Ligand SMILES: [Zn+2]
């Protein structure tokens, strides 16, 4: 199967960050076989004229909770403890394997519509359900279990020993890792340092190394966490992880808000990958030292976090927020520039997912993971600075088509890999059932007027 996309502004994100004006991309099966300006004599199966459009690598979301997709709206305008104990723990601990599958389908649907072709999922309860959803949706994912072996107040179904947590992850990895043409992969997960013993952390890292996969962990996300670490271990989270010897190039550290400058250097020295989630940061966590991390050459990437923490699982929105948040808190309008943000959302994301040889840039021999942007809209035109405008003025509705592994997952805004209507109907049904099983009550915040007949 050969597809030629021609006449586009092709933003490659290769090592020289070349952009081709009126460029073309030839896709052969799952790979890019030609890119740039070339004459094509051979016949192809499909030719798409992309005049006035932009082709760029598929976006990489380095932190998205697929299992929380059906919990969107459950955590608005509440403090962290209410969010966790009264909303999210009851919600997640009442999910079934089928719920996890439906939640993943709904999340993948949103990823595809927002131009994301690969993501890292930090941990739900059922890797089997998530794997099924990702396989069907046609995207790529690094899936992990939500792993905890200590901590007070956890729902009973989550009270596991270190051995149980490690065994289950190894079992999932053996079953699902590298399946579906390699699109579905399994990583090791650690929820947070509040709920993980040192023994679990060290042994998870050993297993991640053994299987040559990554380790995904929420790190130094709230002030309470570093205060808890100071009180119980006498040092902040990252210093402690460094002492345990787990900081490494296959360690994906999420949020990383509460770090000293010395801890930023620890990340740099061990080539730790950082997932920056600006919406979640603004909502509850605080401001990560992203400008400093970028200056130090740390591989910073972007993630959306889960639906109850952000509501929008949209990497296009998240690029935009990344462009604003650091300018705002530092009062420096020239930090974290558009080209740095495009790098974070593409090639850096692929590096963090340990897949920079496969995708994250458009290059001959790499996988055909790409998106076609149609900027012809009131919200995006004109394009005085077209590449920067992908960060500063693009909306996800401008993503016209999404291709992963050489297959169209969405074309002209029609999702092809999933039945959108069926996924949304299932999402509504399952979300209501989980909430009712979990007994989650939301306060009446607005006076609702019902028709007389419904009394
Ligand atoms: Zn998270």
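Throughout, read-outs are computed from the coordinates displayed, never taken from laboratory work. Since we're looking at a predicted model, the values are computed, not measured. Note that we place each Cβ from the backbone using ideal geometry, even for glycine, and neighbour counts take in every protein chain shown.
Annotations for the structure displayed:
- With the highest mean first, a sort of the peptides 348-358, 333-343, 58-68, 38-48 on other beta-carbon atoms found within 10 angstrom per residue produces 58-68, 348-358, 333-343, 38-48.
- Inter-centroid distance (Cα atoms) of region 71-101 relative to region 220-261, Å: 25
- The packing ranking, built from the mean of other Cβ atoms within 10 Å per residue, places the peptides 304-313, 398-407, 432-441, 234-243 in the order 304-313, 398-407, 234-243, 432-441, highest first.
- 28 Å tail of the calculated P(r), region 60-352, as % of Cα pairs: 30
- Degrees between helix 198-210 axis and first principal axis of the chain (Cα, 0 to 90, nearest 10): 30
- Helix 97-113 and the longest principal axis of the C-alpha atoms of the chain enclose an angle of approximately 40°.
- The gain in end-to-end length when the residue 128 to residue 210 segment is fully stretched comes to 27.4 nm, 0.36 nm per residue minus the alpha carbon separation.
- Value of [θ]222 nm, deg cm²/dmol, for the chain, DSSP H segments ≥ 4, -39500 (n - 2.57) each, nearest 500: -10000 deg cm²/dmol
- With Cα atoms, 0 to 90° folded angle of helix 162-176 axis to the chain main axis: 20
- Using only alpha carbons, region 167-263 has a radius of gyration to Kirkwood radius ratio (Rg to Rh) of 1.02.
- Percentage, to the nearest whole number, of Cα pairs in region 231-344 over 16 Å apart: 59
- Centroid-to-centroid separation of region 143-162 and region 376-411 [C-alpha atoms, Å]: 40
- The alpha carbons of region 229-279 give a radius of gyration and a Dmax of 10.8, 30 Å, in that order.
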